[in-house]
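Everything below concerns the one structure shown next.
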Amino acid sequence: FINTYPHPRPGDPGKVSTVYTEGGPAPFGDHNLELIKVTIKSRELRQGERRDAILTFAIDTSGSMANTGKLRLLKDSIRTLVSNLSINDRGAIVAFSTNAYVVLPHTSVRQKSEIDAAIDSLQANGGTNVEAGIDLAYRLAAESGNRRAANRVILCSDGVANLGAKGPEVVLSHIHI
């Protein structure tokens with residue numbers, strides 16, 4: 001889809017970013033679900049100011065992701081994000097359901113066919129072990145981290161953990177800032 005609304009711009013010079021949200025009923029068939037879209041707009045960077053990005057995606061491939069196109073939507077979203085990265089950026093994919101596994105080690109976005117194949121290979125089945133996914137994603141990120149780069153782990157999930165650590169406090173304790 002195409003964003004047709006104006007992106008918010010930070011109002012004062014000291015402001016680094018602005019968050020814009022919109023929500024409504026989810027298109028997944030369950031009328032009790034809501035979908036929220038979060039847009040984060042940072043200040044415009046000057047030429048040469050942007051650091052390279054090293055992204056590690058922790059992707060939920062549990063059985064619930066097969067419902068009403070959630071995994072397809074996620075795959076399309078990741079492709080869109082990757083297509084907007086710079087040529088020096090890299091990405092990796094960790095999938096998790098009952099267990100976590102590396103789908104794609106950190107790979108240059110120049111290797112589009114390898115990234116697309118990794119995204120295409122994602123299939124939904126099993127439970128949701130968020131703890132295993134986060135732990136493996138952070139280990140993989142640490143192996144390829146670069147102090148001069150923007151190193152990020154991006155968690156992509158549709159629900160609540162039902163394997164491993166289940167409570168939000170325990171799951172959040174695995175997230176490194």
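Find, among the GluC sites (Glu not before Pro) in region 26-109, those assigned to loop by DSSP (not H, G, I, E, B) with at most 11 other beta-carbon atoms within 10 angstrom.
On the way: sites: Glu34, Glu44, Glu49; in loops: Glu44, Glu49.
The qualifying sites are Glu44, Glu49.
If I model a spin label at Arg110 and Thr39 as a point 7 Å from the Cα along the Cα→Cβ vector, what separation in nanometres do I get?
Here the answer is 3.3 nm between the modelled labels.
Taking the convex hull of the alpha carbon atoms in region 82-127, what volume per residue do you get, in Å³?
Measuring per residue, one finds 64 Å³ for the Cα hull of region 82-127.
Please grab the % of Cα pairs in region 66-147 that end up more than 18 Å from each other. Walk me through the numbers before you get to the answer.
Working: 1526 of 3321 pairs.
Tail of P(r) above 18 Å: 46 percent of Cα pairs.
For a Förster distance of 25 Å, can you work out the FRET efficiency between the beta-carbons of Asn67 and Ser144, rounded to the nearest 0.05?
Numbers: r = 33 Å, r/R0 = 1.30.
Taking R0 as 25 Å, the efficiency between Asn67 and Ser144 is 0.15.
Whenever you get a sec, compute what percent of the accessible area on region 33-169 sits on carbon and sulfur atoms (1.4 Å probe).
Carbon and sulfur together cover 51 percent of it.
The values are calculated or read from the model by the stated rules, or taken from the named source; none is laboratory data. This structure is a prediction, so every number in the text was calculated from the model and none was measured. As a convention, Cβ positions derive from the backbone with ideal geometry for all residues, glycine included, and neighbour counts pool all protein chains shown. Please note that ligands, DNA and RNA were not included when accessible areas were found on the heavy atoms of the full protein model with its side chains. Shrake-Rupley method; radii C 1.70, N 1.55, O 1.52, S 1.80 Å.
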